Each structure stands twice: as C-alpha cells, then as structure tokens.
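The structure appears right after this line, and notes come after that.
Taken together, the values in this text are just the output of simple stated rules run on the coordinates, not laboratory data. All of these numbers come straight from a predicted model, not from anything done at the bench. Cβ placement follows ideal geometry from the backbone for every residue including glycine, while neighbour counts extend to all protein chains displayed.
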Amino acid sequence: MRGEAGTVALLRRASDAMVIHIGPIATVALILGLGAIGGWWIKTPAGQASYEPTKRKLGVNGDAVPVTVAVAARDTVPVHRQGIGTVQALNTVTVRSQVDGRLLSVDFVEGQMVKQGDVLARIDPAQAQAQYDQAVAKKTQDQVTLANARMDLERYQGLVQTYAGSKQKADQQAALVAQLEALIKYDDAAIAHAQATLGFTTIVSPIDGRAGLRLVDPGNIVRTGDANGLVTIVQVAPIAVVFTLPQRDLTLVIKALARGDVPVEIIDADGRTVLTCGQLQAVDNQIDIATSTIKLKATVANAGAALWPGQFVRTRAVVDVIHGATVVPTAAVRRGPAGTFVYLVDANLKAVVRPASIAMQDSVRAIITEGIVPDDRVVTVGSLSSPTASSSTSLKAQARSSRAQSRTASGRARPKMPIPADSGRREAE
C-alpha cells in the first residue's frame with residue numbers, strides 16, 4: 001500500500017509539470033490560429049462588408065435619401081386663438097318659496113327639462129286664501145258705506161240750495177265720501193296683495209331650463225328665508241362658455257368683433273373632438289393682472305345638449321382669415337442657425353436648402369410668406385442632419401444599392417468568433 005501511494009504522488013507531480021510546460025505552447029498556438037482566421041475573414045466579401053469602416057453618410061457622396069414630398073398650395077387659412085374655459089349656464093335660478101307654509105307636493109322630476117310657467121311645487125294655501133277672502137269682504141263693506149255716504153251728500157246739497165240746511169254739514173259729508181272712496185282703493189290693493197300671496201302658494205318655473213335635484217321633501221315647512229331653496233334651474237339651451245386668452249391676443253379679438261361675428265369652436269378636454277360651435281358674445285372689461293389673461297364669453301345653441309354646466313373645455317376662436325396664403329405642412333419647416341428653412345425639390349430631384357419666412361403655423365400646416373411659392377415641392381420627412389446653404393441631396397431611390405448589400409450579406413454566412421486566447425490559457429491552467 002505504501003508503494004502504491006508513492007506511485008500516485010509521483011504521477012501527480014509529473015502531470016503538474018506537463019500542465020506548466022504545455023500552457024504557454026497552447027497559448028502561442030491559439031494566437032496564431034486567431035490571426036490566420038481573422039486574415040481569411042477580412043479577405044472575404046462578407047467580412048469586408050461587415051468590418052470596412054463606414055465612409056458613406058446619408059446624402060453624401062451621391063447616395064440617395066428616401067424622403068416624403070408635399071406640394072405647396074394656395075389656400076384660405078383661418079387664424080385661430082386657442083384657450084381653455086368652462087361651460088356655464090346662461091341663466092341660473094334658485095327657486096325659493098315666497099310665502100311660509102307646509103309643502104304639499106313637488107310636481108317636477110329631478111333632471112327634467114321644464115318650461116317657464118310649469119308648476120314645480122305647491123304650498124298649503126289655506127292661510128293665504130283666508131286673507132284673500134277677508135280683503136274681498138272688507139272692500140264689499142266699504143263699498144256699502146260709500147254708497148250710503150253719497151246718498152247723504154245729495155240730500156245735504158239739496159237742503160243747502162233751498163236754504164233749509166247748513167252748508168257746513170254738506171261740506172263735511174263731501175269729505176266723508178272722498179275718504180270712503182280712498183278706502184275702496186286701499187281695499188283693492190289689499191285684495192291684490194292677498195291674491196298675489198295666494199298665487200305664491202303655487203311655485204312655477206321662472207325660466208326654461210333643466211331642473212336639478214330636489215332640496216326639500218313634501219311635508220316640510222318652507223319659509224321665505226330658507227337659503228337653499230327648493231330646486232335650482234339652469235338654462236342650458238342656449239348655454240355660455242367662459243374662456244381665457246393671453247392679453248397679447250386682445251387686439252386681434254377686438255378687431256375681429258368689430259368686423260362681425262367671431263366663430264368659436266368648443267373642443268372636448270382631449271383636445272381633438274369638436275363638440276359644437278358658437279359665437280363670441282363679450283369680452284371682459286379688464287385683464288387679470290395675476291395671470292395676464294382676458295376673459296371672453298361665447299354663447300352656444302347647445303340643441304343637442306353636448307355641453308353641460310361646469311364642464312371643462314378647450315376653445316378655438318377664429319379671429320382672422322388669410323386669403324391666398326401659401327401653405328405647406330408643418331413637418332416641412334425646419335430650423336437652423338440661420339433661421340427657418342425648407343428643403344425644396346428641384347427639377348433634377350435634388351433637395352436644396354431654401355430659407356423661408358413663416359407667418360404662422362400650427363400642428364398641421366404653416367403659412368410661408370417668402371421663399372416658397374405654390375406648386376413648389378418640399379420635403380416633409382427625410383433630410384440631412386446638418387444642412388448648409390450649398391448642400392443638396394439626391395432623391396433617387398436606393399433600390400439598387402440596397403439589393404446589392406442584401407445579396408452580399410446573404411451570400412456568405414459570418415463565421416463564429418474564435419475563443420479568446422486568455423480563456424484558452426485559463427482552461428489550460
């Protein structure tokens with residue numbers, strides 16, 4: 001056993017010596033193999049296509065640039081000013097009781113459309129009816145007294161004419177008749193007041209609009225001093241939209257109002273959906289110094305109930321119209337150190353840089369006042385990254401070069417990369 005252990009130890013030392021001596025040799029051989037494979041790869045067409053330094057740039061050395069082209073057109077362009085605002089009821093009425101009493105019934109449905117004069121609620125009319133009857137009876141009593149006084153006055157005047165009666169007595173009777181005639185007028189006023197009070201026991205809608213939620217239930221005692229009232233009615237057709245614009249747009253808005261109607265588009269909060277259109281009604285009499293904005297009010301017919309009081313909306317007012325403007329897509333307008341410019345496509349399908357003056361633009365189109373005329377072709381998508389005044393780009397398709405590169409890349413498969421030399425050394429160790 002001791003001899004076998006010694007033999008195993010001797011073999012282990014010999015194996016370690018072989019690893020130590022073989023490691024450097026394997027490393028040198030691996031490096032030489034990598035160099036040979038790399039030289040062979042570079043000489044192949046696929047290798048040249050993959051590892052050759054890129055000398056071509058888009059639009060340089062005659063390479064074509066695929067682009068999208070649009071044609072400048074002459075058009076009538078409305079000038080918009082966009083703002084944000086809220087929808088408000090044209091009229092808002094809180095219906096309150098004008099007499100004290102017990103609420104007998106509520107005669108409307110919450111949320112329904114009501115007309116002016118429609119009955120909304122009824123209050124117990126017993127007390128008001130009694131007051132009315134009392135006023136009518138009082139007038140009847142005073143009318144009888146007046147009739148008797150007038151007959152007495154005629155008698156006294158007849159006695160005075162025959163010198164059988166006192167003239168003073170006749171004058172006193174005439175004064176009594178006048179007093180009773182005034183009392184009849186007072187009775188008429190009392191009757192009118194009692195009749196009005198009796199009428200207030202039937203509560204009707206003062207305007208056309210939409211009724212809100214009921215605030216008082218039948219059976220409760222309502223009073224004239226109640227703060228909340230019975231119900232709120234809002235006029236929603238037509239309806240108002242109050243919005244703001246920057247103070248720099250105030251002059252444009254005032255000039256537009258002086259020319260006539262100013263259309264206002266009402267847009268949903270998403271900024272894309274046009275809900276309805278209306279007319280600018282008024283401009284506030286002062287600018288908000290905290291926000292440097294001016295309030296404006298537009299009215300909308302709202303026949304389809306597209307707007308609701310309190311709704312947040314966006315607005316777009318047409319403050320001017322430009323006729324015969326040269327228009328290009330906004331994507332064609334670019335900016336550089338020298339200002340705005342466009343890529344103009346010439347007759348040779350070359351895109352040349354053309355300085356352009358922009359009157360106004362939005363997210364869709366731009367109005368060009370100088371540099372472009374109608375029927376000019378401009379580039380909207382695709383350009384040089386750093387244009388100069390003398391730069392030009394060929395717009396011919398790159399089909400041939402693209403197909404050639406595809407064939408070269410597919411003609412030979414790229415070989416797998418060899419294992420790095422240091423990894424082989426680690427494995428040998």
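Here the gap between residue 137 and residue 252, fully extended at 0.36 nm per residue and compared with their Cα-Cα distance, gives a gain of 34.6 nm. Taking max minus min of the alpha-carbon positions on each principal axis, region 95-232 gives extents of 79, 27, 20 Å, largest first. Looking at region 147-189, the chymotrypsin sites (Phe, Trp or Tyr not before Pro) that sit in a DSSP loop and have at most 11 other Cβ atoms within 10 Å of their own Cβ are 163. Between residue 130 and residue 370, the simple label model (points 7 Å from Cα in the Cβ direction) yields a spacing of 9.0 nm.
Its Cα gyration tensor gives region 344-384 an equivalent ellipsoid. The semi-axes, each the square root of 5 times an eigenvalue, are 19, 12, 9 Å from largest down.
Taking each residue as 0.36 nm, the span from residue 274 to residue 152 lengthens on full extension beyond its C-alpha to C-alpha distance by 35.7 nm.
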